[in-house]
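Quick note: the coordinates plus some simple rules give every number you see, no bench work behind them. Every value quoted in this text rests on a predicted model; they were computed, and no experiment measured them. Heads up, the Cβs are rebuilt from the backbone with ideal geometry, glycines too, and the neighbour counts pull from every protein chain shown.
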Amino acid sequence: MSHAVLGTVAGRSGDAMLHQTIRHRVEAAGTSFYWAMRLLPKHRRNGMYAVYAFCREVDDIADGDRPVDHKVAALAAWRQEIDALYAGHPRHLVAQALREPTVRYHLRQRDFLSIIDGMEMDARQDIRAPDLAMLDLYCSRVASAVGHLSVHVFGDRSDAAHAVAESLGSRRAMRPAAVMAAIYHATLSALLRSGWREPATRVSVSSPVKLWLALRHGLV
């Protein structure tokens, strides 16, 4: 077997191991969106896993117990990592997993940086009951920016898709978003039923309900 063929096989094996590692991280996180992401074809699914893993990395930094200066420095390191990703030489495991979907789906660098900016807002101050201007800015960074990345991976990077990054848009490509929206709605309903009595207690949707929502909204 030639060195070129051996290199190709080794590269494919390495990519498979990378995708598997990221998938395991997503599974371990217990995200409500796992079943929605499972609806995607293989390459798009791997892309969403990588995007989620990135969001989890920076969110864990912002929500951690370390001092603010440490959090800000760690987020600054992620800005450098995103620069390295777009320069073609990512170093962090998650950034390496983002390399293929970034090229394949034309993911925008500014959306990754916006998410980091939102995490820095979280790290620097306790954002509870903010004024509307700050709430709008925060949501555009930690929610809309994720939506912009997601619609690219789902298969629609049109202006219309970006305008409705948190809505359903063009129907077939947005099926995973429909499942995510349904899970959000089910979680909100559970919170309303609880009467918001224990805000520190995590409210989640059961796995059978998530599966049912995935089938209902993902296959129609």
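Data for the structure
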quantity	calculated
Whole-angstrom Cα spans of region 3-166 along principal axes, big to small	59, 38, 31
Sorted peptide list for 101-108, 112-119, criterion being average Cβ within 10 angstrom, highest first	112-119, 101-108
Signed unit charges on C-beta, dipole axis of region 3-166, positive-most listed residue GLN125, MET37, ALA53	MET37
